[in-house]
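Before any comments, here is the structure.
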Amino acid sequence: MDSESERWTIRSKLCFVAAGALLTLGAASTNLVHFALSRSVPAADATVTSPAEVRLWFTEAAEAGTVGIRVVDPAGAAVETADVVQDRADTKIYSVAVGRRLSAGRYTVSWRGVGDDGHTVQGNYAFTVSAAQ
Ligand SMILES: [Cu+2]
């Protein structure tokens, strides 16, 4: 784990701890819901043909320049992707074009971003590229 991801992890944990404390105090409101992933294409755990892009819908627009999207192949190697693009019509949507046709197997998408509360949030999910294409 490089120091960059370590920092994400530590900050995310702090974020969850802070939110837990606030919820305990009965201060729950939608403002306390962190920046999060709401939907994706390919969807989590979906089986698809090789996607031309990975598109993520977040619960809010992230702070400028903070969204990272990485795709990792079944062997654990990074798949080459283009720069992250924020959708102009819906600023909560971010995508990356996939640089090559993906062979069959299970791929992991790792994402991160900084929301309104200034906390870095990260997550990951997997999808499968089918052999029959
Ligand atoms: Cu937070």
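The values are calculated or read from the model by the stated rules, or taken from the named source; none is laboratory data. Remember, it's a predicted structure, so these values are computed and weren't measured experimentally. Reconstructed Cβ throughout: ideal geometry from the backbone, glycine too, with neighbour counts over all protein chains shown. Surface accessibility is based on the protein's heavy atoms, side chains included, excluding ligands, DNA and RNA. Shrake-Rupley method; radii C 1.70, N 1.55, O 1.52, S 1.80 Å.
Structure summary
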| read-out | value |
| --- | --- |
| Residue among G76, G118 that alone is touching a residue at least 24 places away in the same chain (Cβ under 8 Å) and out of contact with any strand residue (DSSP E or B) (no Cβ under 7 Å at 6 or more places or on another chain) | G118 |
| Residue tally, condition farther than 22 Å from V33 by Cα, modelled with pLDDT of 95 or more and either open to solvent by 80 Å² or more (accessible area, probe 1.4 Å) or within 16 Å of the ligand (Cβ to nearest atom) (or both), over segment 102-133 | 1 |
| Test set (1) at pLDDT 90 or above; (2) open to solvent by 70 Å² or more (accessible area, probe 1.4 Å); (3) at negative phi - V17 fails condition number | (1) |
| Hits in segment 41-81 - residues which are under 13 Å from Y107 (Cβ atoms), of a type in the set (D, E) and open to solvent by less than 40 Å² (accessible area, probe 1.4 Å) | D73 |
| Leading residue by the ranking (modelled with the highest pLDDT) among those in segment 34-54 that are within 16 Å of the ligand (Cβ to nearest atom), out of contact with any helix residue (DSSP H, G or I) (no Cβ under 7 Å at 6 or more places or on another chain) and of a type outside the set (G, A, S) | L37 |
